[in-house]
Amino acid sequence: MLSAKQLCELISKGGVFTDIKGSSVNEVYDDFSKKIKLPDGLYAEVLNRELIEREKVLSTAVGNGIAIPHPRSQLIYNPADERIAVCFSREGIDMHSPDSTNVSAFFVLLTHTSQSHLAILSTLAALVQKKDFITVLKTKPNQKALLDAIKMYCNN
C-alpha cells in the first residue's frame, strides 16, 4: 500500500484531465493518451495501443463508474517516470463493469515493476470503495480538489 503522499505525487506527475471526449473505450483512450503527461520516450500512440490491447483481455472497470486502465506490457523502465493520470470523460461509457455502471473516471497506471503496480492497485482498490471518495469523483474534480480528497480518504 502507498501513502496518500505517494499517491498524490504519482497523480501530480500524470495529471488530472476533466473533459475527455469519446463515446467508446477506444475514443476515450485515444483522447486521454494524447493529453496525459508522458515520460520522455513514451508516445501517445504506443500508450493508446497498449491500453486497448489490455482492455481486449479483460475490462479494467472496477465498479462505481471507475476504471483502472494500464498497459499489458512494460512501458516504463525508470521508477522516477512512474505516474498515474486521472481522466474524467464527458459522458460515461459502457466497459462491462461488474456493477453495470458506465465508467467516467479513469486512473491510468504507468508503472515500472509488477510490485509497484500491485502496490498502487491495492491502494486505489481500497480508496475507490469509499463512498465519500466516490462522491468526490462524481464531481469530476480538478487536480487540487482530487488531491485534497485523496489526503482525506486514503489510508483512513
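The values are calculated or read from the model by the stated rules, or taken from the named source; none is laboratory data. All of these numbers come straight from a predicted model, not from anything done at the bench. Cβ sites come from the backbone with ideal geometry, for glycine too, and all protein chains shown count toward neighbours. Only protein heavy atoms, including side chains, enter the accessible area calculation; ligands, DNA and RNA are left aside. Shrake-Rupley method; radii C 1.70, N 1.55, O 1.52, S 1.80 Å.
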Original post:
For region 73-100, what are the residues that are hydrophobic (A, V, I, L, M, F, W, C), over 20 Å from T113 (Cα atoms) and part of a loop (DSSP other than H, G, I, E, B)?
Top reply: M95
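Could you please find all residues in region 69-98 being in contact (Cβ under 8 Å) with a residue 40 or more places away in the chain and among the polar types (S, T, N, Q)? So that I can check it myself, show each step before the final result.
Pass one, region 69-98, residues in contact (Cβ under 8 Å) with a residue 40 or more places away in the chain: 69-70, 81-91, 93, 95.
Of everything in region 69-98, just one residue is in contact (Cβ under 8 Å) with a residue 40 or more places away in the chain and among the polar types (S, T, N, Q), namely S89.
Just checking, does region 27-35 include any residue being open to solvent by 80 Å² or more (accessible area, probe 1.4 Å) and within 18 Å of S89 (Cβ to Cβ)?
Here is the first cut: in region 27-35, the residues open to solvent by 80 Å² or more (accessible area, probe 1.4 Å) are 27, 34.
Narrowing the set further to residues that are within 18 Å of S89 (Cβ to Cβ) leaves 27, 34.
Yes, region 27-35 contains at least one residue that is open to solvent by 80 Å² or more (accessible area, probe 1.4 Å) and within 18 Å of S89 (Cβ to Cβ).
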Subject >> Leading residue by the ranking (nearest to S3 (Cα to Cα)) among those in region 130-152 that are free of Cβ contacts under 8 Å to residues at least 40 places away in the same chain, open to solvent by 20 Å² or more (accessible area, probe 1.4 Å) and in a helix (DSSP H, G or I) >> reply: M152
Original post:
From D30, D40, D19, which residue is over 22 Å from T123 (Cβ atoms) and in a helix (DSSP H, G or I)?
Top reply: D30
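Which residue is farthest from N26 (Cα to Cα), if the candidates are limited to region 70-89 and must be among the polar types (S, T, N, Q) and surrounded by 13 or more Cβ atoms within 10 Å (Cβ to Cβ)? Please lay out each step first, then the result.
Within region 70-89, the first condition is being among the polar types (S, T, N, Q), and the residues that meet it are 73-74, 78, 89.
So of that shortlist, the ones also surrounded by 13 or more Cβ atoms within 10 Å (Cβ to Cβ) come out as 74, 89.
Values: Q74: 20, S89: 12 Å.
Per the criteria, the residue is Q74.
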